[in-house]
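The values are calculated or read from the model by the stated rules, or taken from the named source; none is laboratory data. Model, not experiment: these values are computed from the prediction. Don't worry about glycine lacking a Cβ; one is built from the backbone with ideal geometry, like all the others, and counts go over all protein chains shown. Areas reflect the complete protein model, heavy atoms only, side chains present, ligands, DNA and RNA absent. Shrake-Rupley method; radii C 1.70, N 1.55, O 1.52, S 1.80 Å.
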Amino acid sequence: MSSHTVTHCTTVDSPVGPLLLTADDSGALTSLSVPGQKGGRERRPEWRHTPALFRAAEEQLAAYFAGELDRFTLEFRAAGTEFRERVWAAVDSVPYGETTTYGAIAAPIGAPRAAVRAIGGAIGANPLLIVRPCHRVIGADGSLTGYAGGLDRKQRLLTLEGVLTP
């Protein structure tokens with residue numbers, strides 16, 4: 001056998017549609033995608049359907065959507081460039097029920113404000129929707145701007161978190 005890593009997967013129902021979760025052999029979450037997601041993953045035949053591996057993720061997602069969880073404590077592993085990983089770490093630090101702007105992410109990661117487009121690209125490439133809260137990043141003018149999972153989902157997530165009124 002080769003040292004090829006197996007990709008494990010499962011699908012979890014949610015108020016924003018079915019969520020496709022993938023993990024590596026250690027059980028670390030490697031992606032969370034929604035149907036129609038720009039750049040999202042789709043189920044592949046060689047992936048191993050292993051629902052038991054995702055029990056903690058499923059429980060935490062259910063608690064989040066019930067309004068009972070404001071911070072995920074799941075192990076995840078998503079590889080990106082050094083720049084993307086700095087952006088993703090900044091996104092991870094945005095608290096539940098709050099938002100930040102693309103420009104505000106620039107300073108803590110040591111990027112010039114002019115890097116807003118690159119920051120947006122890194123956020124758009126986030127493979128871990130919901131658990132890495134890129135939905136909390138909005139435009140400088142307060143507009144929802146882009147979201148790989150669709151603006152309707154971004155609005156629903158921010159409403160759930162109390163940022164927007166229903």
* Relative to the compact globular guide of 2.2 N^0.38 Å, what is the alpha carbon radius of gyration of the stretch 90-166, as a ratio? -> 1.01
* What list of whole percents do you get for P(r) of the stretch 1-49, with Cα-Cα distances grouped in 10 Å bins up to the one holding the largest distance? -> 25, 54, 18, 3, 0
* 5 angstrom amide H check on residue 31, placed H, neighbours 5+ away -> 22
* Asked: Using the alpha-carbon atoms, what tilt in degrees (0 to 90, nearest 10) does helix 55-65 show relative to the longest principal axis of the chain?
  -> 30
* Asked: On the accessible surface of the chain, probed at 1.4 Å, how many percent belong to carbon and sulfur atoms?
  -> 52
* Asked: Which value does Rg/Rh take for the stretch 17-87 over its C-alpha atoms, Rh per Kirkwood?
  -> 0.97
* Working from Cα positions, state the angle (0 to 90°, nearest 10) between the long axis of helix 82-92 and the longest principal axis of the chain. => 80
* Crossing angle, helix 151-160 versus the chain [Cα axis fit, 0-90 degrees, rounded to tens] -> 90
* Given just the C-alpha atoms of the chain, how large is their convex hull per residue in cubic angstrom? -> 114
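Looking at the stretch 1-144, send over the antiparallel percent of its DSSP beta bridges, to the nearest 5.
60
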* Please turn the phi angles of the stretch 24-29 into ³J(HN,Hα) values with the Karplus equation 6.51 cos²θ - 1.76 cosθ + 1.60 (θ = phi - 60°), one per residue in order, whole Hz, x for glycine and proline. => 8, 4, 7, x, 5, 5
* Please sort by residue number the trypsin sites (Lys or Arg not before Pro) in the stretch 18-102 whose DSSP state is loop and whose Cβ has at most 14 other Cβ atoms within 10 Å. => 38, 43, 71, 77
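Over the chain, with the other protein chains present, what is the accessible area per residue in square angstrom, probe 1.4 angstrom?
So the chain comes to 53 Å² accessible per residue, rounded to a whole number.
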* Structure fact -> The answer for the longest stretch of the chain without any exposed GluC sites (Glu not before Pro) (DSSP loop, at most 16 further Cβ atoms within 10 Å) is 99-166
